[in-house]
Amino acid sequence: MARPILARSGVLLADTASMMIVTDAAGLIIEIAGDPHTMEQGRRNHLETGGHWAEGSIGTNAIGTALSEKRAVQILGAEHFCEDVQRWSCAATPVHHPRDGELLGVIDISGPVTGFNRQNLALAVGIGKEIELSLDRLTRQKHEELLRHFVSKRALWLKDEILALDSHGLLVHGTPKALKFLEAQETTHKMLRDIMRGIPSELWEKQIRQHLPNANLEVVEGEDGALGCLIITHHARPQQRGSWSHPRQAAKEEVLDFTAILGDSPAIATARERARKLAASKLPVLIEGETGVGKELFARAIHASGPLAAGPFIPVNCGGVAKELIASELFGYAKGSFTGADEAGRTGKIEAANHGVLCLDEIGEMPLDLQSYLLRVLEDQVVYRVGEHEGRPVDICVISMTNRDLSDEVKGGRFRRDLYYRIAVARLRVPPLRERGGDILLLAQHFASRAAIRLGRQAPSLNPRARDVLMAYGWPGNVRELRNAMEIAVTLAESGLITPEELPEDILAVTPSSPPAASVLRDAERETIMAHIEACGGNLSEAARRLGIARSTLYLRLSRYRAR
């Protein structure tokens, strides 16, 4: 982060008999720039790359004292401990990591006593803050990438607990139980930070698993190396050391009825009312809709409001189980029916759904050769385990879900016509988010509030520009994509307001094609003001004079921009 600033400073300090120095947290000089003659003089006193300027090594000096006292200092001439350095005057400021305050190093401006400018301390402090801001932007970008990776993987580990940490060991996001675990185990969080800061990323998993044996680790790589990692703990026995997971059998499914289906648009209201009527019967229902529209939410609401509400709701992802395993997953198997089988045999999903609902997600992905067996079960209400000849009666209602056009699959010979008519006695279409109008903002606020509760924050609001962006976007990932976007935005928002800057980049790529004239004028005003401030080197008084407005008016404008 310091190098571009050093390059610029080298030009600025070329004729000022001064040099700029960057050190690490131990006071070791790692970069210098500035007036060539002054740098040559500095080498005689080891003001050069590799020079060590900690107070313990060389006594009072700006670099060492700034590190020791953790504040900006100016040491003039004879104030230096070493006599040979007393011909120098130096101004130094510590640089901290913007997220956790870790001391990273020092920015120092040094030069001969005779020509030293007392404003150099202010210059050093300004440059230090600029480096911290650059670090903050970089950290923010890395956190956004880690969040996107977290969201993309969450569906694979729905039953597991996950933490996302950056390469500095800082917490980026986590599932609720994992976050509570870290809050209660501060020593564990410190251990994770120490490991990730102290060793190469390829050694993280080995070291972390010594403390969290039930954890798996996935390193997330960026263009310039590791961005951080996801730490996943799978369900384990409660007594197992180093786990924040809980046993599967202890988990209790949340009961979701039609009140959980939010939205006032005609499209969603029509679908919700049709589903409510279908719930009163035990008819097989085929729920159709694009990926992410909320098909399972409708399925759970139908179950919770129907005659089998007291029974189980058993979801099966037909596209998420290997072809070789889907038969035993659905039908179960008898003991010893194949190599590696459980000695006692196993109950299949169909049996588990007895007196309840079997929810078949991605039904169009089911292998053609298994479709006839499923059809027989649905018609006879009898299931035969793999390797067993004795039928077991079941009483189930089937709700199927698909993002395909199954009638086209039937025409193409990829789905059995008789099974299609068996599962699609009643059909329900869930509309895509782009057809739901104002529901987008209603859902966005709902998801933002839920995310804020999980993070222990006040519920944020959306500023006008953020609302415009959300309404302009096409939402190919539908409600799921909107929920993920709000998770990221709330995590990144540092105030109680979500602006477009907190939204994912692929959403920002689409903006309203015809923004209101007032919005255009506000943006033009902002660009003009910021350009004048930059041209004046951040001097607000001079910028206000050039703009022809009072300084108080400029401050008011800037505060509004920050609020937006």
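Taking all protein chains together, Glu505, Glu40 sort by accessible area into Glu505, Glu40, largest first [probe 1.4 Å]. For the chain, adding -39500 (n - 2.57) for each run of n ≥ 4 DSSP H residues and dividing by the number of residues yields -13000 deg cm²/dmol at 222 nm.
Taking N as the residue count of the stretch 1-113, its C-alpha radius of gyration divided by 2.2 N^0.38 Å amounts to 0.97. Taking each residue as 0.36 nm, the span from Glu221 to Asp408 lengthens on full extension beyond its C-alpha to C-alpha distance by 63.3 nm.
In this simple spin-label model, placing a label point 7 Å from the Cα along the Cα-to-Cβ direction at both Leu441 and Glu494 gives a separation of 2.8 nm. For the pair Arg137 and Lys190, label points projected 7 Å from Cα toward Cβ lie 3.5 nm apart. Between Thr528 and Lys177, the modelled labels are 5.8 nm apart [label points 7 Å from Cα along Cα→Cβ].
Which FRET efficiency, nearest 0.05, do Arg3 and Met471 yield, Cβ-Cβ r, R0 35 Å? Here the calculated transfer efficiency is 0.25. Relative to the longest principal axis of the Cα atoms of the chain, helix 295-305 runs at roughly 50 degrees. Around Gly59, under 12 Å between beta carbons, what's the net of Lys plus Arg minus Asp minus Glu among the other residues? That sum, taken over residues with Cβ under 12 Å, equals -4.
If you look at the Cα atoms of the stretch 287-430, you get an Rg and a Dmax of 15.0, 43 Å. Using r as the Cβ-Cβ distance of Ser305 and Arg43, and R0 as 56 Å, what FRET efficiency do you calculate, to the nearest 0.05? In this case the efficiency is close to 0.10. The calculated FRET efficiency for the pair Ile453 and Asp257, based on their C-beta separation and a Förster distance of 35 Å, comes to about 0.95.
Strictly over 21 Å apart at the Cα level, which of Lys177/Lys349; Lys295/Lys349; Lys282/Lys335; Lys153/Lys349 would you flag in this model? In this structure, Lys177/Lys349; Lys282/Lys335; Lys153/Lys349 lie more than 21 Å apart at Cα.
Relative to the current alpha-carbon distance between Lys335 and Asp395, full extension at 0.36 nm per residue lengthens the span by 19.2 nm. The stretch between Leu103 and His52, if pulled fully straight at 0.36 nm per residue, gains 16.7 nm over its current Cα-Cα span.
Overall size of the stretch 67-163 from C-alpha positions, given as principal axis extents largest first: 67, 21, 16 Å. Ignoring aspartates and glutamates fewer than eight residues from Lys70 along the same chain, the ones with Cα atoms less than 12 angstrom from its Cα are Glu102.
The values are calculated or read from the model by the stated rules, or taken from the named source; none is laboratory data. Remember, predicted model here, so these are calculated numbers, not experimental data. Here the Cβ is made from the backbone with ideal geometry for all residues, glycine too, and neighbour counts use every protein chain on show. In case anyone asks, the SASA skips ligands and DNA or RNA and just uses the protein heavy atoms, side chains included. Shrake-Rupley method; radii C 1.70, N 1.55, O 1.52, S 1.80 Å.
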